[in-house]
1. Modelling each spin label as a point 7 Å along the Cα-to-Cβ direction, I'd like the N338/V146 distance in nm, to one decimal.
2. Rank-order 296-303, 373-380 by packing density, defined as the average count of other C-beta atoms within 10 Å over each peptide's residues, highest first.
3. Take the cross-link list K371/K396; K16/K229; K230/K398; K372/K398; K21/K229; K349/K396 and give me the ones stretching past 18 Å between alpha-carbons.
4. Could you give the length gained by full extension between R402 and Q17, i.e. 0.36 nm per residue of separation minus their alpha carbon distance, to one decimal place?
5. For K371 and T92, compute 0.36 nm times the residue count separating them, minus their Cα-Cα distance, and round to one decimal in nm.
6. At most 15 other Cβ atoms within 10 Å and a DSSP loop assignment: could you name the trypsin sites (Lys or Arg not before Pro) in segment 1-38 that fit?
7. Roughly what would the spin-label model give for C129 and S164, points 7 Å off Cα along C-beta, in nm?
8. Suppose a student asked you for the relative contact order of the chain, using Cα pairs under 8 Å spaced at least 6 residues apart; what percent would you report?
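What follows draws every value from the coordinates through simple rules; no lab data is involved. All values reported here derive from a predicted model rather than from experimental measurement. Please note: Cβ atoms are built from the backbone with ideal geometry, for glycine as well, and neighbour counts cover all protein chains shown.
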Amino acid sequence: MKQNVFDILEARGFIKQTVYKDDLYAMLGERPVTFYCGFDPTADSLHIGHVIPLMAASLMQKSGHNPILLVGGGTAMIGDPSNRNDMRKMMTKETIADNVSKIKPQLERFVSFEGEHAARIVNNADWLCNLNYIDFLRDYGAYLSVNKMLTADCFKTRLEKGLSFLEFNYMPMQAYDFLRLFTDYNCELEIGGNDQWSNILAGADFIRRVAHKDAYALTCSLLETKDGKKMGKTQKGALWLDPEKTAPYEMFQFFRNVDDEEVENCLKLLTFVELDEIAALCAHRDERMNAAKKRLAYEVVKLIHGEHAANDALNKAQAAFEGANTEMPAVDITADGNTPIVDIMTAVKVCSSKSEARRLIEGGGVRIDDKKVERVDARLCEFTSGSEFVLNKGKKTKLKVRV
């Protein structure tokens, strides 16, 4: 008998919250279920946090269920107030449309659009942008409780600062999305990150009130450290899925250097490595954990960017930290012997500013080849007369620089 996908998701640590758990469990074990997961195009790329619900969608599809990936071209015009201290910047329709076009290919890496349980992509702009507001209020306003909405976690922070009526409409719009997908595609389940719990729950409740039918909500764990902080942030910002915004090698290095206690959770949530293999990889909390980190980094880059990019990132990492530097990441710059090291560091983008470069030098974290840079006013000629050298920033960043 085929394993219930609920058990698979639970064993890998995906499931954070759900409602009517027993009914949902039975339904997922009895027949194919159409479900959806939504992504607002607030940027021109998804980031690593989006990968967790996409992985859940992939596992559900592999278990015989039918995914719908919703791109929020309509809801992005309002802006989700969840966990926000301020109102989101409004984007033009043209910007949103451009973001949608760039996000769609990233979604397609995670689910199959062929076969018996083929996924589909929909855009809620198709129905929200032409929605008559008066008709919406007359048809559905009585089913939406303002008192209940105001108790939702997604509004708490914004209520303290001042919640706009524009933002207040986000939850009804997302609830209407679920109703439309329920009506048009018999979609019975919405999944998403746990920060979306209030919105997802509102949609399931909306269907039960309007259609008098069962609908379900399930949220996934967020990518967090053990102390509850969000993972996936670098000095440059989010870990983007777009290779132009976050290079595959940079993503590889991020996961190659996560804390030991995060490795097992990341392997479960961000890769398809089997659980028994994950347990074996993470069995020893010593130097052997490096093999698990390397496997994690390789699998994440392979999933997002493909096998070629993963192999390339692995080769560069091994060259930089385990042997010859022929495959080390390299960059060409315009400089000469009199160029200050701080200028070189900002030019090759290992630092975002000269002040950051100076702090690193003062802290003893910068070397040119094997020579430590000890003065903030040091110049390149003090370390090499060649046209190529290795810039070391701390223990984790090595870069071949060609002048």
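1. For N338 paired with V146, the spin-label model returns 7.1 nm.
2. Top of the packing list down: 296-303, 373-380.
3. As for pairs spanning more than 18 Å Cα to Cα, those are K230/K398; K21/K229.
4. Extending this stretch completely gives an extra 133.4 nm.
5. Value of the extension gain: 95.4 nm.
6. K2
7. Distance between label points: 2.0 nm.
8. This gives 15 percent for the chain.
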